1. For F399, state whether it is of a type in the set (F, W, Y), open to solvent by less than 40 Å² (accessible area, probe 1.4 Å) and modelled with pLDDT under 90.
2. Any residue that is out of contact with any Pro (no Cβ under 6 Å at 6 or more places or on another chain), at pLDDT 85 or above and either closer than 30 Å to V289 by Cα or among the aliphatic types (A, V, I, L, M) (or both) - is there at least one of those in the range 417-440?
3. Give me the pairs, please: first residue somewhere in the range 377-395 and free of Cβ contacts under 8 Å to residues at least 24 places away in the same chain and open to solvent by 50 Å² or more (accessible area, probe 1.4 Å), second residue anywhere and among the acidic types (D, E) and not in a helix (DSSP H, G or I), beta-carbon distance under 9 Å, and either six or more positions apart or on two chains.
4. If you check V405 against the conditions, is it open to solvent by 40 Å² or more (accessible area, probe 1.4 Å) and free of Cβ contacts under 8 Å to residues at least 24 places away in the same chain?
5. Kindly state which helices (runs of 4 or more DSSP H) lie completely within the range 1-76 and contain at least 2 residues that are of a type in the set (A, V, I, L, M), without any contact (Cβ under 8 Å) to a residue 40 or more places away in the chain and surrounded by fewer than 18 Cβ atoms within 10 Å (Cβ to Cβ).
6. List the residue pairs whose Cβ atoms are under 8 Å apart, where the first residue sits in the range 548-566 and is of a type in the set (S, T, Y), the second is open to solvent by 10 Å² or more (accessible area, probe 1.4 Å), and the two are 6 or more positions apart or on different chains.
7. Among what's in the range 351-376 and is of a type in the set (A, V, I, L, M) and exposed (fewer than 15 other Cβ atoms within 10 Å of the Cβ), pick the residue that is nearest to D326 (Cα to Cα).
8. With the requirement that a residue be of a type in the set (S, T, N, Q) and assigned to a loop (DSSP other than H, G, I, E, B), what does the range 237-257 give you?
Amino acid sequence: ATGADNDLYINQAVVFIEDAIQYRSINHRVDSKSLWLYRWYYSRTCQWILSLTITVILALAFVETPSSLTVTSDVRYRHPPWDPPCGLTESIELFCFLVFVIDVSVKSYLIGWEEFCKTKWLMAYILTLIVSLADWIVSLSFFCKETVRVRRILRPFFLLQNSSMMKKTLKSINSTLPEMASVVLLLAVHLSLFTMFAMLLFARTKDGQQDKEWVGYFRNLPDSLTSLLVLLTTANNPDVMIPAYSKNRAYSIFFILFTVLGKGLFISLGFLLSKYFFFLGVSIVQKSVQSSLFRRRLGIRAAFEVLCPLEDTPANAQELCVSVGDLFQVLQKVEMDSRCKEAIIRSLKTFSCDRLSAAQFQKLFEELDKDAIKQHPHSPEYQSRFMQKLQFVFGHPYFGYLGNVVALANIISICVVLVMDADKQPSERDDFFLGAINCFFILYYLLEMLLKILAMGLKRYWSYPSNRFDGLLTGILLILEIATFAVYGFPHPGWRPEFMGLLSLWDMVRLVNMLIVFRFLRIIPNMKLMALVVTTLLDLVKNLRAFAGILVVVFYAFAITGIMLFKGAVVPMGNISCFYDFSLWINSRHNLGDIFHLYIILWECLNWIASEFSYHYLPLCLLSFNLICRWAKIYFIAWWLISSVIWVNLFVALLLENFIHKWDRHCHREPLSDIEYQRTVELMFRDVLEEPTEEELMERLHQHPHLHLCR
C-alpha cells in the first residue's frame, strides 16, 4: 500500500472506532474528504450548534404570539403580554431552518443515495422542512396574522431525529402498542357495558322533574362514558348517584355494583399494568442496548479489517493480523475517554508479540464496556504525632455523624422560631434569635469543612460529591452572612432594620434558612438505603435521556395542539363562584392560549386523573354547543393515557429494574470507601446480552455500501 493509502486506512480505523464508542452506524462514505467531513460534523462544536438550534426553535413557542413573557399567570390582573413584531421570530426561525437544511444535506451526502433511500427518518426530515418552509412563507404573506401554524406542531420532530436512542426507543414502543391496547381492553369493556346499562336505566321520561340523572350525567353516550369513568376514580361520588337514589333506592345497587367491580378491576388492572410495563420497559431498553452492542462490535471489527492491509501477513497464515504500531497511531488520533485510552494502551504494552488477531483486537476494546472506576486520592501523611491524632479524629466517620446531628439541631431551631413567629406581624418580629443561631451554625459548618480538609487533604475532600455539595453551600452561606452583617450590622435584640440594598433583612434570613434546610440533604450518603434510592434516580435520569426526550416531544405536541384548540375558548370570570373550585382556578388563573400555561395544566393532568380533570374542565366553555369543548375530554383523556398510564409506568418499571440491579450489586459487593463504580444503562443489561458472532459481523461488513474489504 502507498503512503496515501496507509493514511486513509488509519483514518478509516479512527472513524470506525469513534463510531463504536458513540454507538453510531458505520454505513457512511469512507474516502478521505468524506471522513474529514464526517469527523467535522460529529465534532463537539457542530453538535453543540445543532443542539442549540433545536433548543432555540423549540423555545420560540414561549415568545411567539400568544407570548408567555409575563410574571403573573392571572389574566385578571396581568398586563397584556408582549407580542413580537412580525418578522422577528420568523427571522430566527429561518436561520434555524437553514441550519437544518445544512444538517440534512451533510447527512444525506455522507450516507450516500442508496442508504438515503432506505432511511425513512431522513426522508421525513426533508418533508418536515419543506412543509415548515411553506408554512413560514404563508405566515409572512398573511403578515403573521394566521390563526393556525402547522410548523409549530412539527418542531419536536427536529429533536426526535437528532437522537438515535430516541428513535430506537420510539420504534420499540411503537412495536408494542398492540400489546398495550390489549391490556386496557378489559377496562374498556367494563365501562362500555355499564354505560349501556346506565343509558337504559336512566333514559329520558315524560316527567321532566324525574330526569335529573339523565340531564346531569347520562344525557348522551359521551357524557355517560365520562360520568362512569370519573366515578371509577370516585371523583364524582356520591354526586352522580344522588338524583337517581332520591328517585328510587334500588338505583344505588347499580352504582355500588359498578364501583365494586370497577375498583377490583382497576386495582387488578393496575397490578397487571405495573407487571406488564415492568417487563415491557426492560424489554425496550434491552433491545436498544443489544442493538447498541452490535454497533459497537461492528465498528471495532471494521477498524480491524481496514488495518489488516497495512500488515504484511505471511501467505501461510491462517488469520489476518494488525500491527501493534498501527494501532498505536490510531489510538493517538481517536477522541475517547482518557481513562479508556490509557487502559487500552496499558493492555497493548503487555502483549509480547507485535501483531494482534481479530479476537485480541476485539478484547482490547472491551475496556469500553467496563465500569468506570473512580478512586479517591490518598489522605496527606503527617509526620507530627499531634497532627496524626487530629487527622484520625476529624477524618473518622463519627465526626461526620456529629455534623449531621448539628445540622438536625439547626433545622429544629429554625422550625421552632418559624412556629413562634408564624402569627406575628413583620413589625412585631424580632430577628435577633434567628440571626444569632444562623451565625453560630454557619461558623460551625465552616469550621467542620476546614477540619475535614485538614484531615483528608483538599484533593481527597473535593473528590467526594457529598463534600462538594457541603462545601459549596457552606461557602454560599458564609458569603450571604457576611453580606447581611455588612448591610444590617450584627444581630442584637430588636434587630429589625429598614429595607436596605437589594434584599430586606427578612429576605436575607429566609434565603439563608432555605439553603440551610437544603444543606440537610448531606445526610443522604450516610444512610445506605436512602443513598441507594437517590443514586438509582440520578443514574436513571442521566442514562435514560431518550425516554425523557420523547416525553418532552409529547408535552410540546400536546401543548401546541391545546393552543390551537382552546385559544379563545376560556375567558376570565372575575370572582364568580363555581361549583368546582379547580375549574374556577383554571378559568380565572390560566389563559389556555399560552404554551407555558398549557405545560402547567398538562403537568397537573399528569399527576392527577385526566378523566376528573376533563370532567371539571367542561363547565369552563363559553358556549355549551362549542365543538371544541365537547371534545376537550378526549384531549385530556388521551394525554392521561399516553403520559400517565403508559409513560409513567414505563419509567417506574425501569426505575425498579435499575434499583434491583443496584441492590444486587450492593449485596454482593463489599463496600470500598475509596472506590466509586459508575455504571451506565448499557452495563445494566450486560449479563443478558448476546455477543454477535463473527459470521454476523462479517456478513454485515460485506453489505457496507462504501467499504470494500480485501477478503
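1. Values: of a type in the set (F, W, Y): yes; open to solvent by less than 40 Å² (accessible area, probe 1.4 Å): yes; modelled with pLDDT under 90: yes.
Against the criterion (of a type in the set (F, W, Y), open to solvent by less than 40 Å² (accessible area, probe 1.4 Å) and modelled with pLDDT under 90), F399 qualifies.
2. Initial filter on the range 417-440 (out of contact with any Pro (no Cβ under 6 Å at 6 or more places or on another chain)): 417-431, 433-434, 437-440.
With at pLDDT 85 or above added as a condition, the list becomes 439-440.
Retained after the next criterion (residues that are either closer than 30 Å to V289 by Cα or among the aliphatic types (A, V, I, L, M) (or both)): none.
No, there is no match, as no residue in the range 417-440 is out of contact with any Pro (no Cβ under 6 Å at 6 or more places or on another chain), at pLDDT 85 or above and either closer than 30 Å to V289 by Cα or among the aliphatic types (A, V, I, L, M) (or both).
3. Q388/E381
4. On the way: open to solvent by 40 Å² or more (accessible area, probe 1.4 Å): yes; free of Cβ contacts under 8 Å to residues at least 24 places away in the same chain: yes.
In short, yes.
5. Working: elements: 3-21, 32-41, 44-59.
Correct list: 3-21, 44-59.
6. Listed by first residue and then by second, the contacts come to Y556/L58; T561/I153; T561/Y635.
7. Just the residues of the range 351-376 that are of a type in the set (A, V, I, L, M), to begin with: 356, 358-359, 364, 368, 372-373.
With the extra rule that they be exposed (fewer than 15 other Cβ atoms within 10 Å of the Cβ), the set shrinks to 359, 372-373.
On the way: A359: 17, A372: 27, I373: 28 Å.
That would be A359.
8. Taking the range 237-257 first, the residues of a type in the set (S, T, N, Q) are 237, 246, 248, 252.
Selection gives N237, N248.
The values are calculated or read from the model by the stated rules, or taken from the named source; none is laboratory data. Please read these numbers as outputs of a predicted model, since none were measured by experiment. All Cβ positions, even for glycine, are placed from backbone atoms using ideal geometry, and neighbour counts span all protein chains on display. Side chains included, ligands, DNA and RNA excluded: accessible areas come from the protein's heavy atoms. Shrake-Rupley method; radii C 1.70, N 1.55, O 1.52, S 1.80 Å.
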